[in-house]
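Trainee: The structure follows.
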Amino acid sequence: MTSASSGPRSPMWRVTTWAKVLLPVGIVILMGLTVWRVVLTEPGAPVHEYAGVTMGTTYAVKVDARLTAKQRKAIADTIEQRLSEVDGLMSTYDTTSELSRFNRHESTDPFIVSSLMLEVFATAREVSERSGGAFDVTVAPLVDAWGFGPPGRVAAAPSETHLSTLRSGVGYEKVQIDREAGTLVKTHPQTVADLSAVAKGYGVDRVSSALADLGIGSFLVEVGGEIKATGMKRDGTPWRVGIERPDTAMRAVYRGVDLIDEAVATSGDYRNFYEHHGVRYAHIIDPRTARPIPYAGASVTVVHASAAMADAWATALSVLGPDEGYDLAEREGVAALFVVRTDSGYSAHATPAFRQGGEPESSVREPV
């Protein structure tokens, strides 16, 4: 979480308005590599690392265990299979993906989808309902209109007429889920969905579950900044990641957080934004207003048992902001840390469910 995900992206996945701004401390992202390697952290204690590219971003997996060559190969194959499965279903770039076909389905007739797709839509729906619509997978047309989607920057802010037209197809309630029938149903034929703000977290969950099924007891999985740790390391310590300070000029760790069988995700407005005629537009679009949230130099970090849920909640709470978002997180029992830049530094507010701990204000700084 010490780096924002604002760099160049593969076209495999659209650059979502809810781009996450986290990267694990101490996890080496090996761009373009799909082979495993072994890192000796101490004599006789190999940590096996796997890394590669998926969903238009990178992934990295650390396994703290003694493994045979056969086990290492099985782990590498399992990681690739699970991530390819999610990518093949939920990519918005691949025209043959299940999601792309659903988006082209301009009809209110039921559309049959896989159980995995239904699970992701159900997760998104739960957060949408609990957040009062702050999280919404149908918001992509508004993202494009404000210049944060694949078409790129716009010359001027969209007109009220244009926004009104786009909003007719936007709204999480416009996609109905029938898990018994295995279908999704649009109530507006032009509604489209973008699962980028939940699918990477879901991919992390799928890989984590598969590794556990292989009998692996200690590992950390990261995809595009969404992280989940399982078990304790063999030295008896938990996996530890760092939360980045929401600073547009420098990158620094604000505090660390220990993870045991938990996932973490961070969302913020301080990496992906632009200024137009003196107005700063953040990349996070509020589905309820059809407009970017007011830029504040803020971030929200969520810890949850599910990476997909952490992913979605971090986005929803960013949309709501540090006041309304905090109140909701507290009511819903969400473990969240809100960090906001102020004139005198940074202000942090953690919900009761967020574990206290870690060191504030690391002195380690590096230029963006």
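Trainee: Can you go through 286, 327 and tell me which one is out of contact with any Gly (no Cβ under 8 Å at 6 or more places or on another chain), touching a residue at least 40 places away in the same chain (Cβ under 8 Å) and surrounded by fewer than 24 Cβ atoms within 10 Å (Cβ to Cβ)?
Mentor: Working: 327 fails: touching a residue at least 40 places away in the same chain (Cβ under 8 Å).
Exactly one of 286, 327 is out of contact with any Gly (no Cβ under 8 Å at 6 or more places or on another chain), touching a residue at least 40 places away in the same chain (Cβ under 8 Å) and surrounded by fewer than 24 Cβ atoms within 10 Å (Cβ to Cβ), namely 286.
Trainee: Let me ask something else. Testing residue 129 on (1) closer than 19 Å to residue 197 by Cβ; (2) over 21 Å from the mean Cα position of the chain (by Cα); (3) not aromatic (Phe, Trp, Tyr), one condition comes back false. Which one is that?
Mentor: (2)
Trainee: Let me ask you something else. Answer with yes or no whether residue 100 is more than 18 Å from residue 307 (Cβ to Cβ), of a type in the set (Gly, Ala, Ser) and in a loop (DSSP other than H, G, I, E, B). Spell out how you get there, then give the answer.
Mentor: On the way: more than 18 Å from residue 307 (Cβ to Cβ): yes; of a type in the set (Gly, Ala, Ser): yes; in a loop (DSSP other than H, G, I, E, B): no.
No, not satisfied.
Trainee: Next question. Could you list, in sequence order, the residues of region 300-324 that are free of Cβ contacts under 8 Å to residues at least 60 places away in the same chain and in contact with a helix residue (DSSP H, G or I) (Cβ under 7 Å, 6 or more places away or on another chain)? Working first, answer last.
Mentor: Here is the first cut: in region 300-324, the residues free of Cβ contacts under 8 Å to residues at least 60 places away in the same chain are 300, 302-305, 321-324.
Those that are free of Cβ contacts under 8 Å to residues at least 60 places away in the same chain and in contact with a helix residue (DSSP H, G or I) (Cβ under 7 Å, 6 or more places away or on another chain): 300, 302, 303, 304.
Trainee: Just one of (1) of a type in the set (A, V, I, L, M, F, W, C); (2) assigned to a loop (DSSP other than H, G, I, E, B); (3) surrounded by 13 or more Cβ atoms within 10 Å (Cβ to Cβ); (4) at pLDDT below 95 trips up residue 216, so point out which.
Mentor: All conditions pass for residue 216, except number (4).
Trainee: Could you grab me the full set of residues in region 165-208 that are free of Cβ contacts under 8 Å to residues at least 60 places away in the same chain, of a type in the set (A, V, I, L, M, F, W, C) and open to solvent by 40 Å² or more (accessible area, probe 1.4 Å)?
Mentor: 177
Trainee: Could you list, in sequence order, the residues of region 95-112 that are open to solvent by 50 Å² or more (accessible area, probe 1.4 Å) and among the acidic types (Asp, Glu)? Lay out the reasoning, then the answer.
Mentor: The initial filter retains those residues of region 95-112 that are open to solvent by 50 Å² or more (accessible area, probe 1.4 Å), namely 95-96, 101, 104, 106, 108-110, 112.
Within region 95-112, 106, 109 meet the criteria.
Trainee: Of the numbered conditions (1) buried (at least 22 other Cβ atoms within 10 Å of the Cβ); (2) closer than 20 Å to residue 261 by Cα; (3) at pLDDT 95 or above, residue 335 fails exactly one; give the number of that condition.
Mentor: Of the numbered conditions (1) buried (at least 22 other Cβ atoms within 10 Å of the Cβ); (2) closer than 20 Å to residue 261 by Cα; (3) at pLDDT 95 or above, the odd one out for residue 335 is (1).
Trainee: Now for a different question. In the list 61, 120, which residue meets the criterion of being part of a helix (DSSP H, G or I) and at pLDDT 95 or above? Step through it out loud before you land on a result.
Mentor: On the way: 61 fails: part of a helix (DSSP H, G or I).
When all the criteria are applied, what remains is 120.
To keep it simple, each residue is scored yes or no on (1) open to solvent by less than 50 Å² (accessible area, probe 1.4 Å); (2) within 30 Å of residue 212 (Cβ to Cβ); (3) in a strand (DSSP E or B); (4) at pLDDT 80 or above.
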| residue | (1), (2), (3), (4) |
| --- | --- |
| 235 | no, yes, no, yes |
| 247 | yes, no, no, no |
| 265 | yes, yes, yes, yes |
| 271 | yes, no, no, no |
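The values are calculated or read from the model by the stated rules, or taken from the named source; none is laboratory data. These numbers were taken from a predicted model, which means no experiment stands behind them. No Cβ is skipped: glycine too gets one built from the backbone with ideal geometry, and neighbour counts run over all protein chains shown. Heavy atoms of the whole protein, side chains included, go into the accessibility calculation; ligands, DNA and RNA do not. Shrake-Rupley method; radii C 1.70, N 1.55, O 1.52, S 1.80 Å.
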